[in-house]
1. Going by the structure shown, is A:D399 in a helix (DSSP H, G or I), more than 12 Å from every other protein chain (Cβ to nearest Cβ) and out of contact with any Asp or Glu (no Cβ under 6 Å at 6 or more places or on another chain)?
2. Given the condition at pLDDT 90 or above and in contact with a strand residue (DSSP E or B) (Cβ under 7 Å, 6 or more places away or on another chain), answer yes or no: does some residue in segment B:253-271 qualify?
3. Exactly one condition in (1) hydrophobic (A, V, I, L, M, F, W, C); (2) within 22 Å of A:P69 (Cα to Cα); (3) buried (at least 19 other Cβ atoms within 10 Å of the Cβ); (4) under 18 Å from the mean Cα position of the chain (by Cα) is not met by B:L268; state its number.
4. Any residue that is modelled with pLDDT under 90, part of a helix (DSSP H, G or I) and within 25 Å of A:Q250 (Cβ to Cβ) - is there at least one of those in segment A:30-43?
5. Taking interchain pairs and intrachain pairs at least six residues apart, which have beta carbon atoms under 7 angstrom, with the first residue in segment A:358-383 and under 16 Å from A:I92 (Cβ atoms) and in contact (Cβ under 8 Å) with a residue 40 or more places away in the chain and the second among the basic types (K, R) and buried (at least 20 other Cβ atoms within 10 Å of the Cβ)?
6. Suppose we keep only residues that are assigned to a loop (DSSP other than H, G, I, E, B), acidic (D, E) and in contact with a Gly (Cβ under 9 Å, 6 or more places away or on another chain) within segment A:166-218. Which one would you say is farthest from A:K365 (Cα to Cα)?
7. Among the residues in segment A:91-109, are any of a type in the set (S, T, N, Q) and without any contact (Cβ under 8 Å) to a residue 40 or more places away in the chain?
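The values are calculated or read from the model by the stated rules, or taken from the named source; none is laboratory data. Everything quoted here is computed from the prediction, not taken from an experiment. Cβ placement follows ideal geometry from the backbone for every residue including glycine, while neighbour counts extend to all protein chains displayed.
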Amino acid sequence: MIAVSLLVAASFLLFFNGGTKEKGKAAEKAEISIIWAEYDGLTPEFADQMKKGFEEKYPNATLTVISTPWNQVHDRLITSLGGDNPPDMSIIGTRWVLEFKDQLEPPEKWVSKATIDNIQPGAKEAVVDGVLYALPDAIGPRIMFYRTDLIDTPPVTFEDMLSIAQKVNNPPDIYGVGMSGKKYAELTEFVYYFYGAGGDFFETTSDGKLGKCTVNSPAGVKALTFMNDLVNKYKVTQPGVTNYTRDDTQDLMISGNLAMMMSGGFTGAILKKQNVSFGWAPSQMPYFKGSKPSSLLVTDSLAFFNTSKNKEMVGKFLDYFYSDEVQIPFQKLVGFPPVTKTAGKDPFFQTPVYKEMVKANAVAKGWPLMAEWSEATNTIWDAIGKVFLGKASPQDALDDAAKQIDTMRGM
Amino acid sequence: MIDGVKQKGHFWTTESKLAYVLLIPGTIFLLLFMFYPIFYVFLMSLFKTSKLGKIVEFIGLGNFKYLTKIRDFWDVLGRSFIWTGFAVLIKTLFGIVIALLLNVDYRGRKVYRTLLILPWASSVPISVMLWQWVYNADFGLLNQTLKLLHITQNPPFWLAYPIPAFFAAIWVDIWIGIPFMSLVFLAGLQAIPKDLYEAAVVDGVNAIQKFRFVTLPLLKNLIVIATLLSILWTFNDFNTIYILTKGGPINTTDILITFIYKYSFNFLRFGPAAAMAVITFVILLAISIIYSRFYFKSEE
């Protein structure tokens, strides 16, 4: 009995002693973590390589990569922030900056000036009250992808797009144009048509703030009516659009069932990676006759939380992340145009897809920067769904959505 | 016996001391990870909360009043009852029929029993993802099968429209829940003494009468317990709907539990979400109390 007790006591001593030693070792290491978005085209190996490269460069650092599907990054972030256990960094949609502003650490203090200066000035969108709260990791205007074996000249206007779609539509093998009608983290595809009709989601007040919702403007109604006509009148989209997210629609394009679709550079990267058997090319986003060319500009950012215990190491990671060593392979995989000036000079990015994106950048505009955007997006999605399912007219659905959004914002 | 009576009245005996000590870790665990979150949700439902769910200001029943302004709330509440009632009813009926079939002695019975447990033994998210693929309009197993068998060349878009999507989701919940019900009922059936059936045969009853007058009364308590558990699980079945439809199209497959998630993690309105969670808690508690009263009454 005594022997057993001694053995147990000795084990405890050894355990705690060993534990302290381990703890001592860990204390020397700066542990940082990142919620890493699984962009389309990005491989798990890339994250492994990035971690390995960083830890080799800074042997006293440990990087934990919390890989998360892009559509779930927001939820994961809310859970970790709400539970007082945020990561050191996270990829975020730039439009979320207002939601998390109080938790963000402005990176400029911790990142070298050379890194900041090397980032394209136009990409630094996460600025609130003159303070840069996050660095861009992905910028991408949306463009059109079309099948060159079916279409000779890509459409310039949406009216052209309709007539081309009617010509090439041959269901169930080929659908004229892809359409997603199932809720997704962002408001595709409505925004393409809405911006293409010259619409804006909110009026701008005299002091530069966002005023009442204007999604029910003539541009909004025109856009949604046209979308609904494509689906239910001309039937040139895939049927059952309310079952398709952006990703599902992209799958249809990859499987060769779509003649045209509007998407980001990532679709081009996947089409290339999949080595699809048909010809395809990028072109500018169509717009409505009488309106100006337009596109959606989406930027994601790399945010840095003020609760981080290793801010200096996070700064070093950001310097590493924005070096050509990481940026060039990262942007090649995800298919976005480079956010850094030096990576932009790489010959890889001088291809037609990137050229189209650079061209589209000139006319593209972003999402409204507001804290309630997630809920507003959900409301507009419901309006679109109601129209597609024949439960409301575009005007009624958008009037209702605008009213709900204004009420939600206390207007 | 006298010792036993004496000990019963003592709170701090040698034996109970050990029991209390052994109970401490479990109690701490329960307090921390079960009672504290429940308490916090109750608290949140009475307070204004920040975007990260931190309590800011007492507003009394403000969050509950806010729920009445949410247009979809009553639809979602009603749908939660339809979802639960329909799914539990079908699971119970299927469960009894399958249990009766598996209770018959025939060759290969063990194989069927093993196969039956598969949906229950598999991870729920993975099962739902498989069903998502089965329902896929373009490449899904169900529509391909319907086309191959020439049943229809234009199969439905299962998840694109409100009614088919709702029933498609219910079916997945039923499919996952049937094995549990069947196995519980099977265990109950095997506990029924065979001589009762033999006596019934001597009395000249037919198979339906045997089921009605012997099987059903003796299974009653098990049916009560199994359906109660199934009600609790089905009412809170987040996985199936969230993975399969995310509440769509246009929120027509949302039930309370997915709506709570939407309001908390998508819209960051933790106060109203907590109020909905409290309502869910009260509903399920009321159902449990009614059930337990019924159960203990029948025990007496």
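1. Details: in a helix (DSSP H, G or I): yes; more than 12 Å from every other protein chain (Cβ to nearest Cβ): yes; out of contact with any Asp or Glu (no Cβ under 6 Å at 6 or more places or on another chain): yes.
Yes: the conditions hold for A:D399.
2. First, the residues of segment B:253-271 that are at pLDDT 90 or above: B:253-264, B:269-271.
Narrowing further to those that are in contact with a strand residue (DSSP E or B) (Cβ under 7 Å, 6 or more places away or on another chain): B:270-271.
Yes, some residue in segment B:253-271 is at pLDDT 90 or above and in contact with a strand residue (DSSP E or B) (Cβ under 7 Å, 6 or more places away or on another chain).
3. The single condition B:L268 does not satisfy is (4).
4. There is no residue in segment A:30-43 that is modelled with pLDDT under 90, part of a helix (DSSP H, G or I) and within 25 Å of A:Q250 (Cβ to Cβ).
5. If the second residue must be among the basic types (K, R) and buried (at least 20 other Cβ atoms within 10 Å of the Cβ), the pairs left are A:W367/A:R95; A:L369/A:R95; A:W373/A:R95.
6. First, pick out the residues of segment A:166-218 that are assigned to a loop (DSSP other than H, G, I, E, B): A:169, A:171-173, A:178-189, A:197-201, A:205-209, A:214-217.
Adding the requirement that they be acidic (D, E) leaves A:173, A:186, A:189, A:200, A:207.
Now drop any that are not in contact with a Gly (Cβ under 9 Å, 6 or more places away or on another chain), which leaves A:173, A:186, A:189.
Values: A:D173: 34, A:E186: 14, A:E189: 15 Å.
Result: A:D173.
7. Of the residues in segment A:91-109, the ones of a type in the set (S, T, N, Q) are A:94, A:103.
After this cut, where a residue has to be without any contact (Cβ under 8 Å) to a residue 40 or more places away in the chain as well, the list is none.
The answer is no, given that none of the residues of segment A:91-109 is of a type in the set (S, T, N, Q) and without any contact (Cβ under 8 Å) to a residue 40 or more places away in the chain.
Residue by residue, here is whether (1) outside the structural domain of B:S122 (by TED's automatic domain parsing); (2) out of contact with any Ser or Thr (no Cβ under 6 Å at 6 or more places or on another chain); (3) touching a residue at least 60 places away in the same chain (Cβ under 8 Å) holds:
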{"position": "B:V202", "(1), (2), (3)": "no, yes, no"}
{"position": "B:V214", "(1), (2), (3)": "no, yes, no"}
{"position": "B:I223", "(1), (2), (3)": "no, yes, yes"}
{"position": "B:N239", "(1), (2), (3)": "no, yes, yes"}
{"position": "B:S264", "(1), (2), (3)": "yes, yes, yes"}
{"position": "B:P272", "(1), (2), (3)": "yes, yes, yes"}
{"position": "B:M276", "(1), (2), (3)": "yes, yes, yes"}
{"position": "B:F294", "(1), (2), (3)": "yes, yes, yes"}
